[in-house]
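One structure below.
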Amino acid sequence: MSNKSPCIMLVDDEPANLILLEELLHLQGYATVSALSGDEALSLARASRPDLILLDIMMPDMDGFDVCYLLRKDTALQTVPVIFLTALNDDTSRIRGLETMADDYLTKPFNSRLLLAKVENILQLSQMRSQVVSSQFNQQVKEQSKRQIAAAWEANEYLSEKFHLFVPEQLLERIAPKGIESIQLGNVTEEELTILFCDIRGFTAIAESQEARETFEWLNAFFTKMNECITSHGGFIDKYLGDAIMAVFDQPNSHAINAIEAAVAMQESLQEFNAIRHKYNLEYPVNIGTGINTGIGMIGTLGSDRRMDSTVIGDVVNTASRLENLTKIYGCQIIVSENAILHAREFINNIHPNSNSQESLLLKCDLEAETPERMIATSHATAADCHSPSNNYYYRWIDRVIPRGKQQAIEIYEIWPASSPDSEAKQLTQALFDKGIQGWQSERFAAALGYFQQLIEQNPADTVVRFYIEKCLEKLGLIPTTNTSSEMS
């Protein structure tokens, strides 16, 4: 590179994003100019001709694709390198970026080291291209051209590898069975799956207390840990939804138990993350809620011929999301549907058909249970560690609810790792919990309240018990009724 600092134009309609990029690039010795819109970017580019443009896509009036198209039509600017830096992480947008002849395509949240490496590499390639044009008959130019071709080939191979980071292999196998070129709208398969939703509690407050760069850093570190737990248990992340994760488990027969064990592993990994949280300027531990459901889902491409996405849709997805929301109401770490419990139990029973040990069988759920006495038989806390001893955990029936948007009630279960601080207390107080639930279901609210109050004295950390104490007090008219129906009906 020349002694003069390369000038990089930053185009984004969010001022906070511009500030973050300016600080990052200035630290590396680059000069920057910034634009908040497509029109402003084109005017500045014609006036100063930057060495490289980092271009957002989603902007009002004129989006990034249009800006790039106009740059390539301008003979004075058509060779200026362009890197799309956007929150759009779907295949269609990436292909459209290539069609507008952008030099690269990165998604937010971005890896700072990768971005800087891309910037440096493209600036160097741009300089080499200029040398080729000005000295095309020189032997040195010929050698530089060869190296440039080799670098471009490596870049293409690298891009192909990176493509799998945006579309997981399990999705590609379904939507592109004959290769990437076979992707088309409407490629879809229907199958039984287990869906996991995970969401960070109080994320907005955390983000407001930090610089944007700090939030990006710890959020990426957190997602990395959660992804390891998911992939190591046979799942894959379908998408990141801000601070939330939607994961899919599709391995035949074992997808439900895989999702449950992944959720437990995520809680245990979260403890490790929180142990080093001060490294990321996090004052308080990060907490997550997880919902899991099993059912039939459709995996395929959704959208239009000009804009499509690979995704999973169906009631199995909606219900898993509702269960994650219910963790806020019950104060649980993990809530699982009866469908997932039944599927997991069937898998374990098939592995150990002759075992009668409570330690090696999942909870036997009575699907026909209607009376409180029969319902209570399904609520006992049960160990589940038979085929993966490292993921020892317990669970218990906690309620029958009609999630928002559904017609039929479903049974829901709380799961907690055996390593949880109050795990032993929950097991020791299970008999009292059963009596309290039985009283609640038979509408003997005063008796139920008595049991639950005894429980909370023995285990003050039991959030489900606190939930039922409040509900009993409401039924007895001792406190005003709170509205949780928006999440449960």
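The values are calculated or read from the model by the stated rules, or taken from the named source; none is laboratory data. The structure presented is a predicted model; accordingly, all values stated were derived computationally and were not measured. Cβ atoms come from the backbone with ideal geometry, glycine included; neighbour counts cover every protein chain shown. Side chains included, ligands, DNA and RNA excluded: accessible areas come from the protein's heavy atoms. Shrake-Rupley method; radii C 1.70, N 1.55, O 1.52, S 1.80 Å.
For the range 439-461, check the following and say yes or no: at least one residue is open to solvent by 50 Å² or more (accessible area, probe 1.4 Å), touching a residue at least 40 places away in the same chain (Cβ under 8 Å) and assigned to a helix (DSSP H, G or I).
No.
Please specify each residue of the range 212-247 satisfying the condition of being of a type outside the set (D, E, K, R), crowded, with 20+ Cβ neighbours inside 10 Å and in a loop (DSSP other than H, G, I, E, B).
The one that is of a type outside the set (D, E, K, R), crowded, with 20+ Cβ neighbours inside 10 Å and in a loop (DSSP other than H, G, I, E, B): His233.
What is the residue count in the range 184-211 for residues that are of a type outside the set (Asp, Glu) and either assigned to a strand (DSSP E or B) or at pLDDT below 60 (or both)?
Counting residues in the range 184-211 that are of a type outside the set (Asp, Glu) and either assigned to a strand (DSSP E or B) or at pLDDT below 60 (or both) gives 12.
On the basis of being touching a Pro at 6+ places or on another chain (Cβ under 7 Å), aliphatic (A, V, I, L, M) and open to solvent by less than 40 Å² (accessible area, probe 1.4 Å), does Ile57 make the cut?
No, not satisfied.
Which of (1) touching a strand residue (DSSP E or B) at 6+ places or on another chain (Cβ under 9 Å); (2) on the phi < 0 side of the Ramachandran plot does Glu272 not meet, given it meets every other one?
(1)
When you look at Leu42, is it touching a strand residue (DSSP E or B) at 6+ places or on another chain (Cβ under 9 Å) and not polar (S, T, N, Q), yes or no?
Judged against the criteria, Leu42 is a match.
For residues in the range 194-211 being farther than 14 Å from Phe222 by Cα and of a type in the set (D, E, K, R), which is most open to solvent (accessible area, probe 1.4 Å)?
Glu208
Can you pull out every residue in the range 90-111 that is open to solvent by 50 Å² or more (accessible area, probe 1.4 Å), of a type outside the set (A, V, I, L, M, F, W, C) and part of a helix (DSSP H, G or I)?
Listed by number, the residues that qualify are Arg96, Glu99.
Within the range 73-87, identify whether any single residue is more than 22 Å from Glu23 (Cα to Cα), of a type in the set (Lys, Arg) and surrounded by fewer than 17 Cβ atoms within 10 Å (Cβ to Cβ), and answer yes or no.
yes
Within the range 352-366, is there a residue that is modelled with pLDDT under 50, of a type in the set (Ser, Thr, Tyr), open to solvent by less than 80 Å² (accessible area, probe 1.4 Å) and in contact with a Lys or Arg (Cβ under 9 Å, 6 or more places away or on another chain)?
no
Which of (1) over 37 Å from the mean Cα position of the chain (by Cα); (2) closer than 21 Å to Val401 by Cα is the odd one out, the single condition Gly477 does not satisfy?
So the condition that Gly477 fails would be (2).
Here's the yes/no breakdown for (1) at pLDDT below 90; (2) touching an Asp or Glu at 6+ places or on another chain (Cβ under 9 Å):
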| position | (1), (2) |
| --- | --- |
| Leu10 | no, yes |
| Leu24 | no, no |
| Ser34 | no, yes |
| Asp56 | no, yes |
| Asp66 | no, no |
| Gln78 | yes, no |
| Pro81 | no, yes |
| Leu88 | no, no |
| Ile95 | no, no |
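When the residues of the range 248-278 are filtered to those that are surrounded by fewer than 14 Cβ atoms within 10 Å (Cβ to Cβ) and without any contact (Cβ under 8 Å) to a residue 24 or more places away in the chain, which remaining residue is nearest to Thr311 (Cα to Cα)?
For the range 248-278, the residue satisfying everything is Pro252.
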